[in-house]
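The structure under discussion appears below in the form of structure tokens.
The values are calculated or read from the model by the stated rules, or taken from the named source; none is laboratory data. No experiment lies behind these values; they were computed from the predicted model shown. Heads up, the Cβs are rebuilt from the backbone with ideal geometry, glycines too, and the neighbour counts pull from every protein chain shown. Ligands, DNA and RNA are stripped out before the accessible areas are found, and what is left, the full protein with its side chains, is counted by its heavy atoms. Shrake-Rupley method; radii C 1.70, N 1.55, O 1.52, S 1.80 Å.
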Amino acid sequence: MVLNSEEGGEGAGEGGDAAPPTPRHHHSKHQLKYGELVILGYNGYLPPCDKGRRRSKFVLHRRPGANGVKPARHYVVRTPQNTQAILDTQQHSISYTLSRNQAVIVEYQLDSETDMFQIGRSSETPIDFVVMDTIPGDKHGEMKVTQSTISRFACRIIAHRTTRTTQVYAAGFDSSRNIFLGEKATKWQNNGEIDGLTTNGVLIMHPPTQFCGGEARPGIWREVSVGGGVYALRESRSAPQKGNKIEEETNVLQDGTLIDLCGATLLWRSAEGLGKSPTKRHLEQMVDELNAGRPQCPVGLNTLVIPRKATLTSTEKQPVVYLNCGHVQGLHEWGHEKDSNSHTCPMCLKVGPVVKLCMGIEPAFYVDSGPPTFCFNPCGHMASEKTVRYWAAVPIPHGTNGFHAACPFCASPLEGDAGFVRLIFQDNCD
């Protein structure tokens, strides 16, 4: 369901002069880096062109000038659309509609100590990182869903310019610097404060342990409110009743926090965490080392070459893995049942599907720097054992109230009992 102003969560108020664009981040080695937001389901690149505000990852740098905002005051009005705070395109405000003739307006003021970054489906200027629905599988060219469930102004990140603490809030400000939560949106008042949830919600999952270091474990999914509170999940994604408040948890992003926008899931990697992670060059070197071992196909007796990225074409050098046993071979017809993906492994005679192997080359998804000795089932993306085991244990939100494990490099739902397989090469690469 696409959000709109009556359902809450979307910045509405399309009318009036658009506010000037917020300062964009400039990639510079001398700028302080907060971290990166990486979309699950892309192997280091978003086709057809990974550039501008539409890419597989978004690097958050400290802006040249602060553009963050913080709550200043709130009051009750009878006609919110005619309120000065709503009409003033230079004034950030959130309108919580309680009834047809009553709303609470929360005015925000500039905060010289923070930067704000906004994420959503809209391509309007307030959005820094444009995110579309992720389609599972290999991405070749432009792909779109017919009806998106991601809000046009889905969430905002507030980063402290000195401490580098980053926090996530549901909903983003539109071109008129407003957020509207309509009469049907879930909202509540407590001790004089008002808060609410967007229609499809913004979910977060903090890792209970250090993300990068090899001991990563998945956490528990929560929902974050417009005001930054953390709550247990609703019964379904857009249910009207909010979950219980989780007092001991906050909206402060940790290295490895997942943010789900109901159609796309983002991974937050802090600058410090990325410093402990493998680099793309390190991953490429591990592929080179595997290929230097000259793994061979036991049937064709030809040398296999592991590619760094998925290709549409196949050659005799392209390695494939038998997903029921893990044996790696080349493309051949031995044991292949016609008009099916059922193959008999010539090494162990197990029958099952095969898939082309491809290196998982996005460094942000790795929880350690181990060699790529495992691959996900059924897509064939290779990664370290601990990385594969971690993602196979992470429940990714799917649909209105479902979860499933998926490959972080292509978003394919995992199959089989484990969701992965250990690779067995013929030669000295075992």
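Taking the stated definitions as given, is Arg237 assigned to a strand (DSSP E or B) and crowded, with 16+ Cβ neighbours inside 10 Å? First the steps, then the outcome.
Numbers: assigned to a strand (DSSP E or B): no; crowded, with 16+ Cβ neighbours inside 10 Å: yes.
Here the answer is no, as Arg237 does not meet what is asked.
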Inset, instruction - Name every residue in region 236-276 that is of a type in the set (Asp, Glu) and touching a residue at least 60 places away in the same chain (Cβ under 8 Å), in order of residue number. - result: Asp255, Asp260
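Just checking, does region 198-208 include any residue being within 29 Å of Ala405 (Cβ to Cβ) and either touching a helix residue (DSSP H, G or I) at 6+ places or on another chain (Cβ under 8 Å) or open to solvent by 60 Å² or more (accessible area, probe 1.4 Å) (or both)? Give the steps one after another, and end with the answer.
First, the residues of region 198-208 that are within 29 Å of Ala405 (Cβ to Cβ): 198-208.
Next, only the ones that are either touching a helix residue (DSSP H, G or I) at 6+ places or on another chain (Cβ under 8 Å) or open to solvent by 60 Å² or more (accessible area, probe 1.4 Å) (or both) stay: 208.
Yes, region 198-208 has at least one match.
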Inset, instruction - Go through region 1-118 and tell me which strands (runs of 3 or more DSSP E), entirely inside it, have 2 or more residues that are at pLDDT 90 or above, over 30 Å from the mean Cα position of the chain (by Cα) and surrounded by 14 or more Cβ atoms within 10 Å (Cβ to Cβ). - result: 68-77, 93-99, 102-111
Inset, instruction - Give me the pairs, please: first residue somewhere in region 378-396 and closer than 22 Å to Gly352 by Cα, second residue anywhere and at pLDDT below 95 and of a type in the set (D, E, K, R), beta-carbon distance under 7 Å, and either six or more positions apart or on two chains. - result: Gly380/Lys356
Inset, instruction - Working only within region 268-290, note down all residues that are open to solvent by less than 50 Å² (accessible area, probe 1.4 Å) and either of a type in the set (Lys, Arg) or touching a His at 6+ places or on another chain (Cβ under 8 Å) (or both). - result: Arg269
Inset, instruction - List the number of the failed condition for His332; all other conditions in (1) open to solvent by less than 60 Å² (accessible area, probe 1.4 Å); (2) within 21 Å of Asp260 (Cβ to Cβ) hold. - result: (2)
Legend entry - Residue match in region 365-388 (condition: among the basic types (Lys, Arg) and more than 17 Å from His282 (Cα to Cα)): no
Inset, instruction - Considering each residue of region 411-424, count those that are buried (at least 18 other Cβ atoms within 10 Å of the Cβ), touching a helix residue (DSSP H, G or I) at 6+ places or on another chain (Cβ under 8 Å) and part of a loop (DSSP other than H, G, I, E, B), and give that number. - result: 2
Inset, instruction - State the number of residues belonging to region 146-184 that are outside any strand (DSSP E or B), closer than 24 Å to Gly399 by Cβ and out of contact with any Phe, Trp or Tyr (no Cβ under 8 Å at 6 or more places or on another chain). - result: 10
Inset, instruction - May I ask you to list the residues in region 213-234 that are closer than 30 Å to Gly275 by Cβ, over 17 Å from the mean Cα position of the chain (by Cα) and either surrounded by 22 or more Cβ atoms within 10 Å (Cβ to Cβ) or among the hydrophobic types (A, V, I, L, M, F, W, C) (or both)? - result: Ala216, Val230
Legend entry - Subset tally (residues that are in contact with a His (Cβ under 6 Å, 6 or more places away or on another chain), open to solvent by 30 Å² or more (accessible area, probe 1.4 Å) and either assigned to a helix (DSSP H, G or I) or over 20 Å from Glu223 (Cα atoms) (or both)) for region 387-409: 0
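Regarding region 245-267, can at least one residue be identified that is at positive phi and in contact with an Asp or Glu (Cβ under 7 Å, 6 or more places away or on another chain)? Let's see the steps before the verdict.
To start, the set of residues in region 245-267 that are at positive phi comprises 256, 262-263.
After this cut, where a residue has to be in contact with an Asp or Glu (Cβ under 7 Å, 6 or more places away or on another chain) as well, the list is 263.
Yes, region 245-267 has at least one match.
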Inset, instruction - Scan region 240-267 for residues that are open to solvent by 10 Å² or more (accessible area, probe 1.4 Å) and in contact with a helix residue (DSSP H, G or I) (Cβ under 7 Å, 6 or more places away or on another chain) and report the count. - result: 1
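Kindly establish whether Pro278 is assigned to a loop (DSSP other than H, G, I, E, B) and at pLDDT 95 or above.
yes
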